[in-house]
Amino acid sequence: MNYKESKQYRLPGYNYANDGMYFITICTKDNEVFFGNVIGGKMKLSKIGEIADQYLRDIPKHFPQVKLDEYVVMPNHAHGILELRNDIVVRTRHGAFLQQNSMGIHPLIKNSLSSIINHYKGAVKKWCNENNYENFEWTSRFRDTVILHENALYNFRKYIINNPANWEKDKNKQKNLYY
């Protein structure tokens with residue numbers, strides 16, 4: 001799959017720094033199990049899983065314009081619903097400014113969904129490197145869906161809540177990681 005094919009799920013013309021609710025999925029590289037195991041339909045976190053969980057819960061501390069809604073850390077991925085609210089004044093040193101370079105590549109937009117997820121993934125990886133888990137890696141990208149309707153929000157919340165209970169039947173169906 002080339003880069004353009006992998007980006008087709010993005011909403012054309014949508015600014016991912018806008019206020020809104022987003023369903024996200026972040027996977028480990030090659031879907032390797034690092035975060036723990038599902039036992040009896042409940043997630044039992046490993047040490048790295050505890051860090052991934054804690055750092056996900058801490059996103060609003062570093063990005064005050066973000067509210068973390070429902071989320072779950074699974075054996076090889078994490079799902080969450082993030083609400084971005086730019087009406088909140090943000091004083092943070094996180095993020096980068098949008099500037100196109102000579103290669104046509106756009107760096108991250110400050111406080112955009114991509115910037116927030118990039119910082120989260122970087123913090124977890126940094127912890128892993130500092131604590132002798134150097135073999136831990138994320139996939140280079142993450143999956144997101146803009147939540148445009150209350151019904152979709154309800155369905156994503158339900159999916160997240162039921163994800164551990166459905167793990168045994170879904171764990172080998174990697175397409176299902178994205179809902």
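Here are a few things to note about the model shown:
- Residue identified as at pLDDT 95 or above, touching a helix residue (DSSP H, G or I) at 6+ places or on another chain (Cβ under 7 Å), within 26 Å of Asn155 (Cα to Cα) and not in a strand (DSSP E or B) among Tyr71, Tyr55: Tyr55
So that you can scan it fast, the table gives a plain yes or no per residue for (1) of a type in the set (S, T, N, Q); (2) surrounded by fewer than 18 Cβ atoms within 10 Å (Cβ to Cβ); (3) closer than 12 Å to Phe23 by Cβ; (4) at pLDDT below 90:
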site	(1), (2), (3), (4)
Asn118	yes, yes, no, no
Lys121	no, no, no, no
Lys125	no, yes, no, no
Glu130	no, yes, no, no
Arg143	no, no, yes, no
Lys175	no, yes, no, yes
Tyr178	no, yes, yes, yes
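- Residue in the range 99-116 that is surrounded by fewer than 16 Cβ atoms within 10 Å (Cβ to Cβ), within 30 Å of Pro12 (Cβ to Cβ) and at pLDDT 90 or above present: no
- For the range 54-77, the set of residues classified as closer than 27 Å to Gly40 by Cα and in contact (Cβ under 8 Å) with a residue 24 or more places away in the chain consists of Tyr55, Leu56, Asp69, Glu70, Tyr71, Val72, Val73, Met74, Pro75, Asn76, His77, listed by residue number.
- Residues located in the range 21-46, provided they are assigned to a helix (DSSP H, G or I) and exposed (fewer than 14 other Cβ atoms within 10 Å of the Cβ): Lys29, Asp30
- Selection of the range 122-136 for residues being assigned to a helix (DSSP H, G or I) and touching a helix residue (DSSP H, G or I) at 6+ places or on another chain (Cβ under 9 Å) yields Ala123, Val124, Trp127, Cys128.
The values are calculated or read from the model by the stated rules, or taken from the named source; none is laboratory data. Because the structure is predicted, anything quoted here is derived from the model rather than measured. Ideal geometry is used to build each Cβ from the backbone, glycine not excepted, and the neighbour counts take in all protein chains shown.
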